[in-house]
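These notes are about the structure you will find just below.
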Amino acid sequence: MNVRIAADASAEEAAAIATALAEHLGEAVEVYVGDTDEPTAIRGANSSGSESDDDGDERDPATAADREPTPSGPTDRERRLREEIADIHEGGPEKYRDRLAGQGKRFVRDRLELWFGSSNSTASTSADAAENAGESDAAEGGVHFEDGTFANFDAWHPNSPTDEAAASDDRLPADGLLTGAAEFEGRDVHFMANDFTVKAGSMAERGVEKFLRMQQRALKTGKPVLYLMDSSGGRIDQQTGFFANREGIGKYYYNHSMLSGRVPQICVLYGPCIAGAAYTPVFADFTIMVEGMSAMAIASPRMVRMVTGEDIDMQELGGPAVHARESGSADLVARDEEHARELVAQLITYLPNNADEKPPTTETRAPAKSPEGIDSVVPQRPNEGYDMVDVIERIVDEESYFELRPEYGEEILTAFARIDGRPIAIVANQPAHRAGAIFPDAAEKAASFIWTADAFNIPLLYLCDTPGFMAGSQVEKEGILEQGKKMIYATSSATVPKQTVVVRKAYGAGIYAMGGPAYDPESVLGLPSGEIGIMGPEAAINAVYARKLAEIDDEDERARKEAQLREEYREDIDIHRMASEVVIDELIPPSRLRVELAARFEFYADVEKELPSKKHGTVL
């Protein structure tokens, strides 16, 4: 059918008319505009579009049948690219990959599969599977994408168009460092992972660039970062490309500092991380080491021997026992790789994606032990030890107690938990260790934990039962004043909701560090076993009345007088008097402690606090 329309019609209008008529009539239609001899638009039967030759002239789609069919599968060019990717995914030299099993650890891409699922696993990266890689790429979850797979390709791969690779005997796939984005336990995260088969996971120019980009993108996205570390440090023979540059390895720690408190940074160590590589775990908010596998140190044992003459192996120098018990640099120690993943999967449930969000809540679970037993756990005598965990288990949701740095500064417990499904951060004195007195390492541990919890909007619960900060020449040498200052500073500066419970003793500056009335808590609650005073009765009587008591010659009379003074002092610091004078907000039955805390954390969930306007404090 031929159709002629008005001369002022546009080509688009002609095409629309031709298409509509062809579809309606089921036959080819030619549309002429005005007096033109050539059709402006041609449509075949049931055609919804037009086709043009190279000059732009429209042709009947029926001619498409005469053309060569478009190939439906990958071209040779794409196959070659897929084969190159598969080769890169094989990692470093086979001999180094074969050694991993003897070291008890996974190849890096198998490790990613353990963490994130199989969407980027080695199962789909062999050359034989290259043509089918498109299907596996679409798997749900797992690694969303990887960046910089071809990093340093020209330095080693035979398909490189440069002459550089031809002279190389090395395999340097991805430059030994993998970065990308993945789904972990339903949360989107950035990740980096060293490939130990490539020059012992060492860091060089291209890998460093990938690491830096990943960190900088995390600042933009506000998503957590996982560092899966297994690195011997920088490649010394290539240091001119990355060591002192503005965008070199030193920028790692600048970026760590910028990310600190912005998004959670979690590091898992899978091998000996030396020198520059050892700073990433200590900059991270949470560090997990693996027993018998992990280590970190400022220098290798060989370098230590050169510098100091000390003969020491890697585990003695910087293994999990050193950093979990002595330095406090490790938050947790895992049994193996699977356990490390389990620990991080638990940890991340208490954390928001970033500092602008609140931590995720869950359904309420009853405590593991009945709150009715709280008062029976706390001894009548203030100097008798007990395990504070027995109190905590009667307050928090069952199986929610997650302790960090359990072997370091054991006289203070630092743990995440939940009350009625709401994440909280617990700082609790532990009378089972050194009577709950605060030593320098415990003060540092508590300060760091409070600071981290506050950064990520996790409310704080202080459970106070301490005779105060430890005294003596040794702790003075260890910096009790410096570390105590940091703990008090962290408590003072925290802007999250804070609840403090005086469980038993609250002596000396211990009540200050443990969120006492002067430190702007939302509530200070007391149990009937509580006492608040400058010091305990024995120390107070000795300090104030020692000379007067010494003047009493009769031993029985002196003992009677001492007991009388002690009871009078105890009445003065008793929790009932503190409640009467409104020093504390409420004196409550111990069996109601969980209910009381749940109500208060819910009520104050949206409380906002402001710090004085300043650049920052001067306490580190």
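Considering (1) within 27 Å of E410 (Cβ to Cβ); (2) crowded, with 19+ Cβ neighbours inside 10 Å, the lone condition that L481 does not fulfil carries the number (2). Within the range 326-333, one or more residues are in contact with a Pro (Cβ under 9 Å, 6 or more places away or on another chain), open to solvent by 20 Å² or more (accessible area, probe 1.4 Å) and among the small types (G, A, S). If you go through the range 384-403 one residue at a time, do you hit one that is closer than 30 Å to C273 by Cβ and touching a Phe, Trp or Tyr at 6+ places or on another chain (Cβ under 6 Å)? Checked the range 384-403: at least one residue is closer than 30 Å to C273 by Cβ and touching a Phe, Trp or Tyr at 6+ places or on another chain (Cβ under 6 Å). If you take the residues of the range 215-234 that are touching a strand residue (DSSP E or B) at 6+ places or on another chain (Cβ under 8 Å) and open to solvent by 10 Å² or more (accessible area, probe 1.4 Å), which of them is modelled with the lowest pLDDT? Checking each candidate, the answer is G234.
A340 falls short on exactly one of the conditions (1) in a loop (DSSP other than H, G, I, E, B); (2) surrounded by 17 or more Cβ atoms within 10 Å (Cβ to Cβ), and that condition is (1). Kindly check whether there is at least one residue in the range 477-493 that is part of a loop (DSSP other than H, G, I, E, B) and within 30 Å of P224 (Cβ to Cβ). No, every residue in the range 477-493 fails to be part of a loop (DSSP other than H, G, I, E, B) and within 30 Å of P224 (Cβ to Cβ).
Among the residues here, G34 qualifies as modelled with pLDDT of 50 or more, of a type outside the set (S, T, Y) and at positive phi. Of the set (1) open to solvent by 50 Å² or more (accessible area, probe 1.4 Å); (2) at pLDDT 85 or above, all apply to P39 but (1).
For beta carbons closer than 8 Å, sequence separation of 6+ or different chains, a first residue in the range 484-504 that is under 12 Å from T466 (Cβ atoms) and a second that is surrounded by fewer than 24 Cβ atoms within 10 Å (Cβ to Cβ) and acidic (D, E), the qualifying pairs are M487/E444; V502/E531; R504/E531. The listed residues are M487, M470, M535, and the only one of them that is open to solvent by less than 10 Å² (accessible area, probe 1.4 Å), aliphatic (A, V, I, L, M) and at negative phi turns out to be M487. For the range 429-455, residues that are touching an Asp or Glu at 6+ places or on another chain (Cβ under 8 Å), crowded, with 24+ Cβ neighbours inside 10 Å and not polar (S, T, N, Q) total 4. Count of the range 565-591 residues, restricted to those that are surrounded by fewer than 12 Cβ atoms within 10 Å (Cβ to Cβ) and within 19 Å of N383 (Cβ to Cβ), is 3. If you check S294 against the conditions, is it open to solvent by less than 70 Å² (accessible area, probe 1.4 Å), over 24 Å from W451 (Cβ atoms) and in contact with a Phe, Trp or Tyr (Cβ under 7 Å, 6 or more places away or on another chain)? Taking the combined requirement at face value, the residue satisfies it. Checked against the criterion of being among the acidic types (D, E) and surrounded by 17 or more Cβ atoms within 10 Å (Cβ to Cβ), the candidates E205, E185 yield just one match: E205. Scanning the range 346-388 for residues that are part of a helix (DSSP H, G or I) and either loosely packed, with under 13 Cβ neighbours inside 10 Å or among the β-branched types (V, I, T) (or both) yields I348, T349, E372, I374, S376, V377.
Testing I426 on (1) hydrophobic (A, V, I, L, M, F, W, C); (2) open to solvent by less than 20 Å² (accessible area, probe 1.4 Å); (3) touching a residue at least 60 places away in the same chain (Cβ under 8 Å), one condition comes back false. Which one is that? Every listed condition holds for I426 apart from (3). Residue check, G176 against (1) at positive phi; (2) surrounded by fewer than 23 Cβ atoms within 10 Å (Cβ to Cβ); (3) modelled with pLDDT of 90 or more, all met but one. Which one? Unmet for G176, out of (1) at positive phi; (2) surrounded by fewer than 23 Cβ atoms within 10 Å (Cβ to Cβ); (3) modelled with pLDDT of 90 or more: (2).
The values are calculated or read from the model by the stated rules, or taken from the named source; none is laboratory data. These numbers were taken from a predicted model, which means no experiment stands behind them. Methodologically, a virtual Cβ is constructed for each residue, glycine included, from the backbone with ideal geometry; neighbour enumeration extends over all protein chains shown. The area values use the complete protein model at the heavy-atom level, side chains included, leaving out ligands, DNA and RNA. Shrake-Rupley method; radii C 1.70, N 1.55, O 1.52, S 1.80 Å.
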